[in-house]
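Note sheet for the following structure.
The values are calculated or read from the model by the stated rules, or taken from the named source; none is laboratory data. The structure displayed is predicted, hence computed values, not measured ones. In this analysis, Cβ positions are derived from the backbone assuming ideal geometry, glycine residues included, and neighbour counts consider all displayed protein chains. Just the protein is used for accessible areas: all its heavy atoms, side chains included, with ligands, DNA and RNA removed. Shrake-Rupley method; radii C 1.70, N 1.55, O 1.52, S 1.80 Å.
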Amino acid sequence: GIQVEQSPPDLILQEGANSTLRCNFSDSVNNLQWFHQNPWGQLINLFYIPSGTKQNGRLSATTVATERYSLLYISSSQTTDSGVYFCAVEFWEYGNKLVFGAGTILRVKS
Amino acid sequence: EPEVTQTPSHQVTQMGQEVILRCVPISNHLYFYWYRQILGQKVEFLVSFYNNEISEKSEIFDDQFSVERPDGSNFTLKIRSTKLEDSAMYFCASSEGKGGSYEQYFGPGTRLTVT
């Protein structure tokens, strides 16, 4: 069946460190989005990235659709980066909806 | 920048009561969605809506739930006879089009607590 798997499940960083979060998906995709869920529960759109590479400040993302994975890079992490990071995928043959992974819980310590 | 808005931000209701969660999608968007997230769990798709009818719904979206676009701007989710397990964060989203190259934009969510 279709799957969206994120790794690692938990990550603790010291402020200033870099990190890479991974999202593997099981089938061809129309759409892939990365979100940050803040402590208030809001989902913040980070990237819409069904393929290719994008950068936004200290964050960047790469999706290699042919190999069915996406990576989110966080550089020079700050305490405000803490929260849960979700990958969400819309599969070609699974209808017009996003399927979310279980998330990576990131804690950045000062 | 246009954004999806949701009201209320937090709703507390008693078991068995009806609740209506409201959303204002981005104005030129055509597709609307509801998702929910039970505390500590994944975000799950509930329903999508296009051209004044349900486009797709999940197994979660049973007869207890209904959606409506009562006017040109609002999109609502009604939950009849709420249960304790309906306690969750409910997110509304909208997109310009369907599938393919259309990003879904999410609102800030409504936290529903059923007591």
Among the residues of the range B:6-17, is any under 16 Å from B:SER94 (Cα atoms) and either more than 10 Å from chain A (Cβ to nearest Cβ) or open to solvent by less than 90 Å² (accessible area, probe 1.4 Å) (or both)? yes
Kindly indicate whether any position in the range B:56-65 is polar (S, T, N, Q), under 23 Å from A:GLY41 (Cα atoms) and in contact (Cβ under 8 Å) with a residue 40 or more places away in the chain. no
Scope the range A:15-36; condition buried (at least 20 other Cβ atoms within 10 Å of the Cβ) and touching a helix residue (DSSP H, G or I) at 6+ places or on another chain (Cβ under 7 Å); matching residues: A:VAL29
So which residues in the range A:77-100 are open to solvent by 60 Å² or more (accessible area, probe 1.4 Å), assigned to a loop (DSSP other than H, G, I, E, B) and more than 14 Å from chain B (Cβ to nearest Cβ), if there are any at all? A:GLN78
Please enumerate the residues belonging to the range B:66-115 that are within 10 Å of another protein chain (Cβ to nearest Cβ), open to solvent by 40 Å² or more (accessible area, probe 1.4 Å) and under 13 Å from the mean Cα position of the chain (by Cα). B:TYR105, B:PRO108, B:ARG111
Considering only strands (runs of 3 or more DSSP E) fully contained in the range B:47-115, which possess at least 1 residues that are more than 19 Å from B:VAL24 (Cβ to Cβ) and aromatic (Phe, Trp, Tyr)? B:65-68
Mind checking which strands (runs of 3 or more DSSP E) fall wholly inside the range A:25-69 and carry at least 1 residues that are more than 12 Å from chain B (Cβ to nearest Cβ) and not hydroxyl-bearing (Ser, Thr, Tyr)? A:52-56, A:59-64
Is it the case, given these coordinates, that A:GLY103 is in contact with a strand residue (DSSP E or B) (Cβ under 6 Å, 6 or more places away or on another chain), within 12 Å of chain B (Cβ to nearest Cβ) and closer than 28 Å to B:THR5 by Cα? yes
Name, by its number, the condition in (1) under 22 Å from A:TRP34 (Cα atoms); (2) more than 14 Å from the chain's Cα centre (by Cα); (3) assigned to a strand (DSSP E or B) that does not hold for B:GLU44. (2)
Report yes if some residue within the range B:50-65 is within 14 Å of chain A (Cβ to nearest Cβ), under 19 Å from B:GLY97 (Cβ atoms) and open to solvent by less than 40 Å² (accessible area, probe 1.4 Å); otherwise report no. no
